[in-house]
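**Student:** Mind looking over this structure? Questions follow.
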Amino acid sequence: MFVADYMTSNVVTVSSESPLAVAADLMTRRRIHHLPVLDPAGRLVGILSDRDIRSAVGFDRTLSDKLKVCEAMTHDPVTITPVAGLDEALEILAEGRFGALPVVEGGDAENPRLVGILTTVDLLRALRNLLGLDIPGRRLEVALPQGCGDLARVFKTLSEGGYPILSAVASHLRTDGREPSLYLRVPQDAPRGLERSLERATAILLHAEPPRRRS
């Protein structure tokens, strides 16, 4: 999963010389929270968030007409490329506590071309897709005390039983001290006997969300 798959390509930008009020109005009208900032030559020089505007203006709304975007923006923003993985983007956003990353490529080393923006909402959309949440399903959690050996047995059981899988996510490092586990999402109408088959394969079924009754 790459940045290019989930970034917004039609980027709304603002000039560094624009009044802050113009940027605030643009965010409101377009229902966005971040604006890459370009200088008069079209080069990326910053990023402006709604939080930056609140910090600059405070309780004096008249300041938004007096201040320029360049006076409130974050200068020299951290960027990412379209071919970077979403895991790398997540690390950068989490470590820096950013809400968005301008996506750049090409150009020269000092002035790469802006081609998109990736926000935390885009990452949530990617997670939603990864978990297969577009299709109604139910969750199961299976312990993996023996790691890859248990994982292989689980997938062998699913394959031999013809059980469909919407998503599968393995957790190897847990902060609560519990052993690694595998989170599965299967369709609501998955064949009966899935839980029993998994228990025979691993003997440790930690959680099984029951099928929903049809109304």
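**Student:** Would you be able to tell me the number of residues in region 37-81 that are part of a loop (DSSP other than H, G, I, E, B), of a type in the set (Val, Ile, Thr) and either farther than 30 Å from Ala4 by Cα or without any contact (Cβ under 8 Å) to a residue 12 or more places away in the chain (or both)?
**Tutor:** So the answer is 1.
**Student:** What number goes with the only condition from (1) at pLDDT below 85; (2) surrounded by 15 or more Cβ atoms within 10 Å (Cβ to Cβ); (3) in a loop (DSSP other than H, G, I, E, B) that Asp176 does not pass?
**Tutor:** Just one mismatch for Asp176, condition (2).
**Student:** In addition: Which condition number does Thr157 fail, the rest of (1) of a type outside the set (Lys, Arg); (2) assigned to a helix (DSSP H, G or I); (3) at pLDDT below 90; (4) buried (at least 19 other Cβ atoms within 10 Å of the Cβ) being met?
**Tutor:** (4)
**Student:** Let me ask something additional. Is at least one residue of region 49-72 surrounded by 13 or more Cβ atoms within 10 Å (Cβ to Cβ), among the polar types (S, T, N, Q) and farther than 24 Å from Leu127 by Cβ?
**Tutor:** Yes, region 49-72 contains a residue that is surrounded by 13 or more Cβ atoms within 10 Å (Cβ to Cβ), among the polar types (S, T, N, Q) and farther than 24 Å from Leu127 by Cβ.
**Student:** Next question, about the same structure. With (1) assigned by TED's automatic domain parsing to the domain that holds Ser9; (2) in contact (Cβ under 8 Å) with a residue 60 or more places away in the chain as the list, and Val121 as the residue in question, which single condition is left unmet?
**Tutor:** Going through the list (1) assigned by TED's automatic domain parsing to the domain that holds Ser9; (2) in contact (Cβ under 8 Å) with a residue 60 or more places away in the chain, Val121 breaks only (2).
**Student:** Then there is this: Quick check on region 62-78. Is at least one of its residues within 14 Å of the chain's Cα centre (by Cα) and of a type in the set (A, V, I, L, M)?
**Tutor:** For region 62-78, residues within 14 Å of the chain's Cα centre (by Cα) and of a type in the set (A, V, I, L, M): absent.
**Student:** Continuing with the same structure: For region 10-21, check the following and say yes or no: at least one residue is within 30 Å of Leu130 (Cβ to Cβ) and crowded, with 16+ Cβ neighbours inside 10 Å.
**Tutor:** Looking through region 10-21, at least one residue is within 30 Å of Leu130 (Cβ to Cβ) and crowded, with 16+ Cβ neighbours inside 10 Å.
**Student:** Could we say that Phe98 is under 18 Å from Met7 (Cβ atoms), of a type in the set (Phe, Trp, Tyr) and outside the structural domain of Ser167 (by TED's automatic domain parsing) here?
**Tutor:** yes
**Student:** Something else: Filter region 125-143 down to the residues that are in contact with a helix residue (DSSP H, G or I) (Cβ under 9 Å, 6 or more places away or on another chain) and within 12 Å of Leu198 (Cβ to Cβ), then identify the one that is surrounded by the fewest Cβ atoms within 10 Å (Cβ to Cβ).
**Tutor:** Ala143
**Student:** Being of a type in the set (Gly, Ala, Ser) and part of a strand (DSSP E or B) is the filter here, so list the residues in region 129-154 that pass it.
**Tutor:** Scanning region 129-154 gives Gly137, Ala143.
So that you can scan it fast, the table gives a plain yes or no per residue for (1) farther than 20 Å from Glu110 by Cβ; (2) among the acidic types (Asp, Glu); (3) touching a Pro at 6+ places or on another chain (Cβ under 7 Å); (4) modelled with pLDDT under 95:
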residue: Val12; (1), (2), (3), (4): yes, no, no, no
residue: Ser16; (1), (2), (3), (4): no, no, no, no
residue: Ala21; (1), (2), (3), (4): yes, no, no, yes
residue: Pro40; (1), (2), (3), (4): no, no, no, yes
residue: Asp50; (1), (2), (3), (4): yes, yes, no, yes
residue: Asp65; (1), (2), (3), (4): yes, yes, yes, yes
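**Student:** Return a yes/no flag: does region 117-136 have any residue that is among the small types (Gly, Ala, Ser), in contact with a Phe, Trp or Tyr (Cβ under 8 Å, 6 or more places away or on another chain) and more than 30 Å from Leu101 (Cα to Cα).
**Tutor:** The answer is no, given that none of the residues of region 117-136 is among the small types (Gly, Ala, Ser), in contact with a Phe, Trp or Tyr (Cβ under 8 Å, 6 or more places away or on another chain) and more than 30 Å from Leu101 (Cα to Cα).
The values are calculated or read from the model by the stated rules, or taken from the named source; none is laboratory data. Computed from a predicted model, the values in this text were never measured in an experiment. When we count neighbours, we look across all protein chains shown, and the Cβ atoms used for this are built from the backbone with ideal geometry, even at glycine.
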